[in-house]
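Data first, discussion second: the structure below is written as structure tokens.
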């Protein structure tokens with residue numbers, strides 16, 4: 001299973017962001033020519049590893065074409081439109097001391113992993129000190145000089161790699177340094193940096209006509225039209241920072257009229273918070289909420305409160321966290337770490353969201369969560385700046401024990417807020433993002449540890465998306481040659497289909513003590529596949545027991561298998577199965593057959609552990625009860 005700590009969403013501290021001690025010492029002392037060191041990353045760190053090769057529709061260009069390198073206007077040397085409110089920073093706090101020590105180590109030539117120019121520029125804004133600007137300027141100069149060298153040789157600079165995934169943090173480094181350290185940057189240097197930034201941002205939004213040094217370098221345009229994708233936040237970050245620091249009315253108009261409206265419309269459709277990409281890539285909202293702060297501070301416009309999404313996401317993550325307060329619901333791709341353990345990014349997300357609300361209950365539950373989870377402060381120095389955001393003190397858990405995020409169709413419930421509570425999650429909503437899984441209708445059960453959970457968390461990659469690894473009914477057809485959505489030829493499993501029209505229908509009736517009754521129609525996500533006429537699933541949760549009733553209509557030659565993925569080897573005894581602390585009772589049909597599937601025998605390199613309980617024999621439905629042994 002993947003255990004690295006590099007961001008899954010936008011690995012802004014991966015390629016070309018690690019700097020050797022000797023190199024930074026030279027920067028600190030000489031601010032001269034530098035040789036870049038690249039910190040090795042894991043292939044699972046960035047997402048997605050490959051972007052689709054079919055270009056997306058291209059937006060019409062701004063009024064004027066991209067300026068030629070030798071005639072691009074430079075960002076103004078005086079006050080810019082970039083405003084960052086740092087009044088909340090407590091300079092007597094342990095968090096401030098940690099961040100300052102992290103930056104001072106880099107200045108002294110001993111950088112922490114993924115140290116960035118914006119770290120030094122931010123410390124200059126907080127405390128002054130020419131040494132911080134000297135380092136920031138030298139680092140950005142290296143970025144630009146390397147890009148110029150690549151362009152001069154006919155190539156394209158590193159910032160365009162992986163479908164411009166890193167354009168956001170790189171341009172943010174440049175813009176924050178330009179604004180913070182204006183007196184340290186002469187006019188000719190400012191002009192070179194400006195030409196580079198202008199071209200990078202222009203290329204993002206004009207993939208088909210993208211160019212470097214006058215030479216065409218088109219790219220796919222992956223997610224330039226999808227505000228729900230983590231790449232979009234990087235594109236938005238670059239555009240916002242550059243528009244604000246350059247005082248470009250063209251880019252400000254572009255943001256206000258074409259980039260921000262679809263963003264606001266998208267999140268207005270996700271009441272309840274969370275992400276349609278799931279909880280892995282959904283952590284990218286930490287970057288989105290940071291941009292909300294930047295835009296509010298600089299323009300006065302409150303994007304966060306254009307909808308309830310940012311505010312609701314506090315409650316979403318509190319409820320998505322299991323009772324032991326160290327893990328979370330494993331929904332969708334988990335490419336950073338296949339085991340869904342809370343990390344710096346989740347802490348940052350809630351800190352960022354907390355900074356955007358004044359609602360007392362949200363502030364209280366966020367403070368409680370931030371002070372109670374297994375990540376009491378940032379574990380990585382490169383995330384230490386975000387601990388400057390105040391977590392508050394005290395607070396209380398929510399009064400509610402059930403939570404439905406209507407937009408994503410994610411349901412969470414628990415018997416109490418004690419650590420030994422039983423917790424359940426259920427997925428029945430839209431299936432319209434590439435990092436989402438074929439997990440519509442799936443449930444997860446937890447009591448002190450995982451009882452029933454997707455096999456994906458025990459995989460090496462963390463991106464096993466098929467129905468076979470989730471706790472759903474698996475439908476298998478007899479004719480593998482019939483075409484179906486995104487399925488390889490010969491595949492017998494009936495696939496759920498990723499589509500803008502794929503959305504399960506979910507109704508939830510809350511009960512007492514965290515209980516609920518939830519009814520879901522999963523039929524729409526199969527998009528009319530003749531192998532399956534319909535599938536409805538009903539969950540009843542009460543008294544630390546989960547009862548699952550399925551009703552379905554099968555097409556000719558299709559069979560249905562009720563499956564439960566478990567972390568402990570199951571033992572079958574008649575119509576009962578025990579797997580660790582989980583007891584499963586098959587109530588219907590009476591003649592059901594039960595078998596056990598060992599995932600290690602499928603692929604020992606990918607699946608390091610885990611078993612699946614397969615219950616077969618149902619012609620129209622199943623009734624299964626899950627509880628503790």
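Here is how the numbers come out for the structure above:
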| item | result |
| --- | --- |
| Any chance residue 522 is in contact with a strand residue (DSSP E or B) (Cβ under 6 Å, 6 or more places away or on another chain), at pLDDT 95 or above, surrounded by 17 or more Cβ atoms within 10 Å (Cβ to Cβ) and farther than 18 Å from residue 473 by Cα | no |
| Where residue 178 falls short, out of the listed (1) without any contact (Cβ under 8 Å) to a residue 24 or more places away in the chain; (2) surrounded by 17 or more Cβ atoms within 10 Å (Cβ to Cβ) | (1) |
| Residue check, residue 110 assigned to a helix (DSSP H, G or I) and either modelled with pLDDT of 95 or more or surrounded by fewer than 23 Cβ atoms within 10 Å (Cβ to Cβ) (or both) | no |
| Residue 481 vs. criteria in the same structural domain as residue 609 (by TED's automatic domain parsing), in contact with a strand residue (DSSP E or B) (Cβ under 7 Å, 6 or more places away or on another chain) and either farther than 24 Å from residue 336 by Cα or surrounded by 20 or more Cβ atoms within 10 Å (Cβ to Cβ) (or both) | no |
| Residue list for the range 319-335, restricted to those being more than 22 Å from residue 440 (Cα to Cα) and touching a helix residue (DSSP H, G or I) at 6+ places or on another chain (Cβ under 7 Å) | 325 |
| Residue check, residue 119 within 19 Å of residue 389 (Cβ to Cβ) and loosely packed, with under 13 Cβ neighbours inside 10 Å | no |
| Candidate set: the range 365-383, residues that are more than 19 Å from the chain's Cα centre (by Cα) and over 22 Å from residue 329 (Cβ atoms); chosen: the one surrounded by the fewest Cβ atoms within 10 Å (Cβ to Cβ) | 377 |
| The one condition in (1) within 22 Å of residue 136 (Cβ to Cβ); (2) touching a residue at least 60 places away in the same chain (Cβ under 8 Å); (3) touching a helix residue (DSSP H, G or I) at 6+ places or on another chain (Cβ under 8 Å) that residue 187 fails to fulfil | (3) |
| Sole residue being surrounded by fewer than 23 Cβ atoms within 10 Å (Cβ to Cβ), assigned to a helix (DSSP H, G or I) and modelled with pLDDT of 95 or more, chosen from 98, 156 | 98 |
| Lone unmet requirement of (1) in contact (Cβ under 8 Å) with a residue 60 or more places away in the chain; (2) part of a loop (DSSP other than H, G, I, E, B) for residue 375 | (1) |
| Answer from 338, 298 - the residue that is in contact (Cβ under 8 Å) with a residue 24 or more places away in the chain, touching a helix residue (DSSP H, G or I) at 6+ places or on another chain (Cβ under 9 Å) and buried (at least 24 other Cβ atoms within 10 Å of the Cβ) | 338 |
| Checklist (1) over 21 Å from the mean Cα position of the chain (by Cα); (2) more than 23 Å from residue 202 (Cα to Cα); (3) crowded, with 24+ Cβ neighbours inside 10 Å applied to residue 245, failing item | (2) |
| Which listed residue, of 568, 572, is at pLDDT 95 or above and not in a loop (DSSP other than H, G, I, E, B) | 572 |
| Count of the range 556-614 residues which are over 22 Å from residue 457 (Cβ atoms) and in contact with a helix residue (DSSP H, G or I) (Cβ under 6 Å, 6 or more places away or on another chain) | 0 |
| Given (1) in contact with a strand residue (DSSP E or B) (Cβ under 6 Å, 6 or more places away or on another chain); (2) surrounded by 15 or more Cβ atoms within 10 Å (Cβ to Cβ), number of the condition residue 589 does not satisfy | (1) |
| Count - residues of the range 525-551 that are more than 23 Å from residue 486 (Cα to Cα) and crowded, with 20+ Cβ neighbours inside 10 Å | 6 |
| Selection count, the range 598-613, where residues are surrounded by fewer than 17 Cβ atoms within 10 Å (Cβ to Cβ) and either in contact with a strand residue (DSSP E or B) (Cβ under 7 Å, 6 or more places away or on another chain) or under 17 Å from residue 452 (Cβ atoms) (or both) | 4 |
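The values are calculated or read from the model by the stated rules, or taken from the named source; none is laboratory data. Just so you know, these numbers come straight off a predicted model, no measurement behind them. Because the Cβ atoms are built from the backbone with ideal geometry, glycine has one as well, and the counts that use them run over all protein chains shown.
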